[in-house]
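Notes for the one structure printed next.
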Amino acid sequence: MPSHVLMLRAGYARMVGAGIYELLPLGTRVLHKIERIIREEMDGAGAHELLMPTFVPSEYFKETGRWEVYGPTLLRIKDRKGGEYHLAPTHEEIVTDLVRREIKSYRQLPLNLYQIQLKYRDEPRPRAGLLRCREFIMKDAYSFDVSEEAALESYAHMRETYHRIFKRLGLEYRVVEADSGAIGGKQSAEFQVLAQTGEDWIVACGACDYAANVEVAQAGRATPSAAQSASLEALVKVETPDTRSIEQVVSFFGGDTKASHTLKSLLYVAGEEVVLAVVRGDHEINEIGLARHLGVEEVVLASDAAVKEATRTEIGFVGPVGFEGRIIADPDAVAVPNAISGAGQTPYHYKNVNHGRDFEAEVVSVRQATSGDPCPNCDGKLELYRGIEGGHIFILGTHYSDKMNATFLDEEGKSRSIVMGCYGIGVTRLIAAIMEQHHDEQGIRWPVQVAPYEVIITPIGKDEEPIAKAAEIYEALRAQGVEVLLDDRSERPGVKFKDADLLGIPVRITIGSRGLKQGTVELKKRTESESLDVPLDGVVDAARAALAELGG
RNA sequence: CGGGGCGUAGCGCAGCUUGGUAGCGCGCACGGUUCGGGACCGUGAGGUCGGAGGUUCAAAUCCUCUCGCCCCGACCA
């Protein structure tokens, strides 16, 4: 059962609109638990919490150009006077404005400010419950330093802090190299929570700690070009109607033709230039890598019309042979001997295409890393995983401080731009991520540190004694500071047990007449199938011991 | 933005093709029997059929428009 179904069934949240949820009391308790851990660690790291507005005048985004750049994802609002506002998707501008007004001297730095607060992004496609929402709670922190070096220290410090947070939340995660988007900056890492329902693909080495988002992972290694291969066969043009995809090409040629015998040729618009990118048929192009190699901000796949104009060929039949223009080819692509590729003419493909003989290209790794690739750091191999981006930290540099004139006076009285870093955690997303990693067929199995309640007491039957004892134990546990839920509904035992499992409370105490006759009650951990009989007068200690074992 | 699907009782759905008294399961209320892993019997409450317009003697059903939600894709040749 995916986490969002569990979440709804167990009564943690309800949908209000697409990508808009309300957290019910149980969900709110989990949220507060997560927030508390984040606050403890952030405060411990020397960051200061503040609260910025969600409803902000457009002038700040206009100052940095994001009013235009952000596009339709930015939720824009007009007030009664026609003034322009937006609901904040992130707070770099607001915090930078605050800091430029307050910070005047190097003596006031470094500084780290954070908040835990709602964010608004009009996502093209919200999905999977709390995993991708249009309104969500984020912890966002911003560091301010006197220099790039100092900023790197702040960054490293935050990275450690994030490790502490993710570990305390009970998450299995990998820190991966990531793209930092249009802002640039060399240091960028995502905290990816491993989960089948994750939207991101990451690769991680089995032997060392290398891990990266496939968007930026270094894929493959230099391999010999086809021209060095022994038996090159003559180029043959074949008429291949209806073969627009690699899949269709492979089945057209049949036999033992594999996607890895073909070349995938993609035409990209990179600024003023049109380039042809070639990867092996079974590989995926890495657009971010391609853009970096070309030194442009982004590359855009050419439209049908643009392909026709540049190649006089239709999509599906484009190829490097005879292409007049810049060709970027992946090392694994040029290593394929006697490859099949589009012939640059509709509807034909070439057989036995060989790099060096039939076409020349700049050979650069421009494909996404995938399972089985060699690790760029060691002799290990990369594994492919799906991840949920739970956190992202990166250095902003002076991108915002330059644009917004956020400066300080250094020791020599010279004005310099503040160097910034930013650090986000998707708090509501983590609720879903934790559920994703901690559940079974019966329901959720919260790690005790984030569970909405630590103990659930389940009196059984209609007799007065179990109910009275349950109330006593409830009070005794509360007096000890244990967060405890009493199921005092007059439901049948089966119903109570199933619900307790669905809710995922880590420890259940079951009280029935049967046990009370022997002076015992039952104690069961959600993660274990067997229960334990404990003496009635020792149940408080037993429950606390069980919680301690679970790490509470 | 493109494609597909769905909006009927609180929840899950049938009914629509072929127009004619709005149904089923769960849940809910009441009564009774049950009571250690989602019991059972009986009685009952509950619906502007997402919205607007149209066709028709008659529309949940046919037509047009519109709103909302879910899934897939967003140019991977």
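Return the residues of the stretch A:157-185 that are at pLDDT below 95, out of contact with any helix residue (DSSP H, G or I) (no Cβ under 9 Å at 6 or more places or on another chain) and under 19 Å from A:Asn112 (Cβ atoms); say none if nothing qualifies.
A:Ser180
Is the stretch A:245-265 home to any residue that is among the polar types (S, T, N, Q), open to solvent by 50 Å² or more (accessible area, probe 1.4 Å) and near RNA strand B (Cβ under 10 Å from one of its atoms)?
Yes, that holds for at least one residue.
Whether any residue in the stretch A:120-133 is over 25 Å from the mean Cα position of the chain (by Cα) and surrounded by fewer than 19 Cβ atoms within 10 Å (Cβ to Cβ) is what I want to check.
Checking the stretch A:120-133: not a single residue is over 25 Å from the mean Cα position of the chain (by Cα) and surrounded by fewer than 19 Cβ atoms within 10 Å (Cβ to Cβ).
Cβ-Cβ below 6 Å, separation at least six or inter-chain, first residue in the stretch A:407-436 and assigned to a loop (DSSP other than H, G, I, E, B), second open to solvent by 40 Å² or more (accessible area, probe 1.4 Å): which pairs?
A:Asp410/A:Tyr106; A:Asp410/A:Arg416
A quick yes/no check of all residues on (1) closer than 28 Å to A:Ala151 by Cβ; (2) aliphatic (A, V, I, L, M); (3) open to solvent by 50 Å² or more (accessible area, probe 1.4 Å):
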{"residue": "A:Gly11", "(1), (2), (3)": "no, no, no"}
{"residue": "A:Met15", "(1), (2), (3)": "no, yes, yes"}
{"residue": "A:Arg29", "(1), (2), (3)": "no, no, yes"}
{"residue": "A:His32", "(1), (2), (3)": "no, no, yes"}
{"residue": "A:Glu35", "(1), (2), (3)": "yes, no, no"}
{"residue": "A:Val56", "(1), (2), (3)": "yes, yes, no"}
{"residue": "A:Thr64", "(1), (2), (3)": "yes, no, no"}
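What are the residues in the stretch A:67-95 that are open to solvent by 30 Å² or more (accessible area, probe 1.4 Å), in contact with a Leu (Cβ under 9 Å, 6 or more places away or on another chain) and not β-branched (Val, Ile, Thr), if any?
So the first thing to find is which residues in the stretch A:67-95 are open to solvent by 30 Å² or more (accessible area, probe 1.4 Å), and the list is A:68-70, A:72-73, A:75-82, A:84-85, A:87.
Adding the requirement that they be in contact with a Leu (Cβ under 9 Å, 6 or more places away or on another chain) leaves A:75-77, A:87.
Across the stretch A:67-95, the qualifying residues are A:Leu75, A:Arg76, A:Leu87.
What tally of residues in the stretch A:484-510 results from selecting those that are more than 6 Å from RNA strand B (Cβ to nearest atom) and of a type outside the set (Val, Ile, Thr)?
Selection size over the stretch A:484-510: 13.
If you check A:Ala310 against the conditions, is it of a type outside the set (S, T, N, Q) and at pLDDT 80 or above?
The answer is no for A:Ala310.
Residues that are at pLDDT 90 or above, at least 3 per element: which helices (runs of 4 or more DSSP H) completely within the stretch A:28-113 meet that?
In the stretch A:28-113, the matching helices (runs of 4 or more DSSP H) lie at A:59-64, A:92-102.
Residues of the stretch A:470-503 being part of a loop (DSSP other than H, G, I, E, B), hydroxyl-bearing (Ser, Thr, Tyr) and either modelled with pLDDT of 95 or more or under 37 Å from the mean Cα position of the chain (by Cα) (or both), which ones?
Residues satisfying the conditions do not exist here.
Mind checking which residues of the stretch A:460-469 are in a loop (DSSP other than H, G, I, E, B) and either in contact with a strand residue (DSSP E or B) (Cβ under 8 Å, 6 or more places away or on another chain) or buried (at least 20 other Cβ atoms within 10 Å of the Cβ) (or both)?
Filtering the stretch A:460-469 for residues in a loop (DSSP other than H, G, I, E, B) gives A:460-463.
Within the stretch A:460-469, A:Ile460 is the sole residue that qualifies.
Which pairs have Cβ atoms under 8 Å, sit 6 or more apart or on different chains, and link a residue in the stretch A:1-12 that is more than 14 Å from A:Ala128 (Cβ to Cβ) to one that is near RNA strand B (Cβ under 9 Å from one of its atoms) and not in a helix (DSSP H, G or I)?
The qualifying pairs are A:Arg9/A:Gly443; A:Ala10/A:Gly443.
Testing A:Ile457 on (1) open to solvent by 20 Å² or more (accessible area, probe 1.4 Å); (2) free of Cβ contacts under 8 Å to residues at least 60 places away in the same chain; (3) not small (Gly, Ala, Ser), one condition comes back false. Which one is that?
The single condition A:Ile457 does not satisfy is (1).
Restricting the first residue to the stretch A:239-260 and requiring it to be farther than 15 Å from A:Ala339 by Cα, which pairs with a second residue that is more than 13 Å from RNA strand B (Cβ to nearest atom) and open to solvent by 90 Å² or more (accessible area, probe 1.4 Å) meet a Cβ separation below 6 Å and a spacing of at least six or different chains?
none
Give the residue that is nearest to A:Leu87 (Cα to Cα), with candidates limited to residues of the stretch A:134-154 that are open to solvent by less than 10 Å² (accessible area, probe 1.4 Å) and either assigned to a helix (DSSP H, G or I) or basic (Lys, Arg) (or both).
First, pick out the residues of the stretch A:134-154 that are open to solvent by less than 10 Å² (accessible area, probe 1.4 Å): A:139-145, A:151.
Then keep just the ones that are either assigned to a helix (DSSP H, G or I) or basic (Lys, Arg) (or both); that gives A:139, A:151.
Values: A:Lys139: 16, A:Ala151: 29 Å.
Here the residue is A:Lys139.
From A:Leu113, A:Leu98, A:Leu50, grab the single residue that is closer than 22 Å to A:Val419 by Cα and buried (at least 17 other Cβ atoms within 10 Å of the Cβ).
Within the list A:Leu113, A:Leu98, A:Leu50, the selection yields A:Leu113.
I want to confirm something. Restricting to the stretch A:327-339 and keeping residues that are open to solvent by less than 50 Å² (accessible area, probe 1.4 Å) and in a loop (DSSP other than H, G, I, E, B), which single residue is farthest from A:Ala361 (Cα to Cα)?
Of everything passing the filter in the stretch A:327-339, A:Asn338 is farthest from A:Ala361 (Cα to Cα).
Could you please find all residues in the stretch A:18-53 being within 16 Å of RNA strand B (Cβ to nearest atom) and without any contact (Cβ under 8 Å) to a residue 12 or more places away in the chain?
A:Glu22
Go through (1) among the charged types (D, E, K, R); (2) over 21 Å from A:Leu171 (Cβ atoms); (3) surrounded by 17 or more Cβ atoms within 10 Å (Cβ to Cβ) one by one and return the number of the condition A:Arg445 breaks.
Here A:Arg445 clears every test but (2).
Could you please find all residues in the stretch A:352-394 being out of contact with any strand residue (DSSP E or B) (no Cβ under 8 Å at 6 or more places or on another chain) and either on the phi < 0 side of the Ramachandran plot or basic (Lys, Arg) (or both)?
Result: A:Arg357, A:Ser365, A:Pro376, A:Asp379.
Do you know which of the residues in the stretch A:289-326 that are buried (at least 20 other Cβ atoms within 10 Å of the Cβ) and not in a loop (DSSP other than H, G, I, E, B) is nearest to RNA strand B (Cβ to nearest atom)?
So the residue we want is A:Val307.
Under the condition of being open to solvent by 30 Å² or more (accessible area, probe 1.4 Å) and of a type in the set (Gly, Ala, Ser), which residue from the stretch A:520-541 is nearest to A:Ile457 (Cα to Cα)?
Result: A:Ser531.
Do we find that A:His439 is at pLDDT below 95, under 18 Å from A:Asp140 (Cβ atoms) and surrounded by fewer than 23 Cβ atoms within 10 Å (Cβ to Cβ) in this structure?
On the way: at pLDDT below 95: yes; under 18 Å from A:Asp140 (Cβ atoms): no; surrounded by fewer than 23 Cβ atoms within 10 Å (Cβ to Cβ): yes.
So A:His439 does not fit the description; no.
The values are calculated or read from the model by the stated rules, or taken from the named source; none is laboratory data. The shown structure was predicted, so the numbers you read here are calculated from the model rather than taken from an experiment. Note that each Cβ is placed from the backbone with ideal geometry, even for glycine, and that neighbours are counted across all protein chains shown. Remember, those area values only see protein heavy atoms, side chains included, never the ligands or the DNA or RNA. Shrake-Rupley method; radii C 1.70, N 1.55, O 1.52, S 1.80 Å.
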